[in-house]
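Nothing in this text is a laboratory measurement; each read-out follows from the coordinates by a stated rule. These numbers were taken from a predicted model, which means no experiment stands behind them. Glycine also receives a Cβ, built like all others from the backbone with ideal geometry; neighbour counts cover every protein chain displayed.
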Amino acid sequence: MSKPDKIIILLNCFTKTEAEAALAAFSEAGGDASRVVVAPITEIVADQKTAEAVNAVAEGKWPGGTPRSGARRSALIAGADKPDAVALMRSFKSVLPGDADPAFALITETGMDWTVAEYLDHIRKEHDYMKTADPSKDADMKEVL
């Protein structure tokens, strides 16, 4: 099975400097940064369906706007296999302050129909829940364990 040509990462509240440093860290860890295309999430992007946003970035048609800022960094990743996704997440975390608490997600087929803003809200809730959850007490997680 071959890898997609590009890995698309939609970044929420990351600075350009953080993105550049993370890609350098990914490359230093042996990742192929030439396949990675990052794009900041703006209010225009946040209102798009995730599939539309990913496809636009892949085609070099990022819609523009002012990147969102804030302390609640998150990223949506498309086109990465699990090893690359984990390496990318670690690379992004490595360039952030220890208390940054970023949330990451590999984009799923279901999520492609959500707006980017809905997806970001979903992964943040899931991220916050998993920091304190006891999987053995969660009926849905018991099936996985």
Classify the stretch 1-103 from the C-alpha gyration tensor, please: rounded if a/c falls under 1.5, else prolate or oblate depending on whether a/b exceeds b/c.
oblate
Mind giving me the FRET efficiency for THR17 and ASP101? R0 is 25 Å, r the Cβ-Cβ distance, nearest 0.05 is fine.
0.85
Acute angle (nearest 10 degrees) that the helix 16-28 long axis makes with the longest principal axis of the chain, alpha-carbon atoms
80
With springs only between Cα atoms under 10 Å apart, run a GNM on the chain and tell me which of PRO63, PRO83, PRO102 wobbles the most.
PRO83
Cα gyration tensor of the stretch 60-143, axes a ≥ b ≥ c as square roots of the eigenvalues: rounded (a/c below 1.5), prolate (a/b > b/c) or oblate?
prolate
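With runs of 4+ DSSP H residues as the only contributors, calculate the mean residue ellipticity of the chain at 222 nm using -39,500 (n - 2.57) per run, divided by the residue total and rounded to the nearest 500. Don't skip to the answer; put the middle values down first.
Details: 6 runs with 60 residues, N = 145.
After summing the helix terms and dividing by residue count, I get -12000 deg cm²/dmol.
Starting from the stretch 5-73, pick out the GluC sites (Glu not before Pro) whose DSSP state is loop and whose Cβ has at most 15 other Cβ atoms within 10 Å. Could the numbers behind the result be given before it?
Details: sites: GLU18, GLU20, GLU28, GLU43, GLU52, GLU59; in loops: GLU59.
Those that pass, being in a loop and sparsely packed, are GLU59.
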Helix 116-132 against the longest principal axis of the chain: what's the angle in degrees, Cα atoms only, rounded to the nearest 10?
40
Specify the residue with the greatest mean-square fluctuation among VAL38, VAL54, VAL86, computed from a Gaussian network of the chain linking alpha-carbon atoms under 10 Å apart.
VAL86
Here the gain from full extension of MET112 to LYS131, 0.36 nm per residue of separation minus their alpha-carbon distance, amounts to 4.3 nm
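Fewest Cβ neighbours within 10 Å first, please rank MET112, MET130 accordingly.
Working: MET112 16, MET130 12.
Least crowded to most crowded, the residues run MET130, MET112.
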With springs only between Cα atoms under 10 Å, which of ALA71, ALA19, ALA53 fluctuates most in a Gaussian network model of the chain?
ALA71
Only Lys, Arg (+1) and Asp, Glu (-1) charged, at Cβ; the chain dipole about Cα centre in debye
280
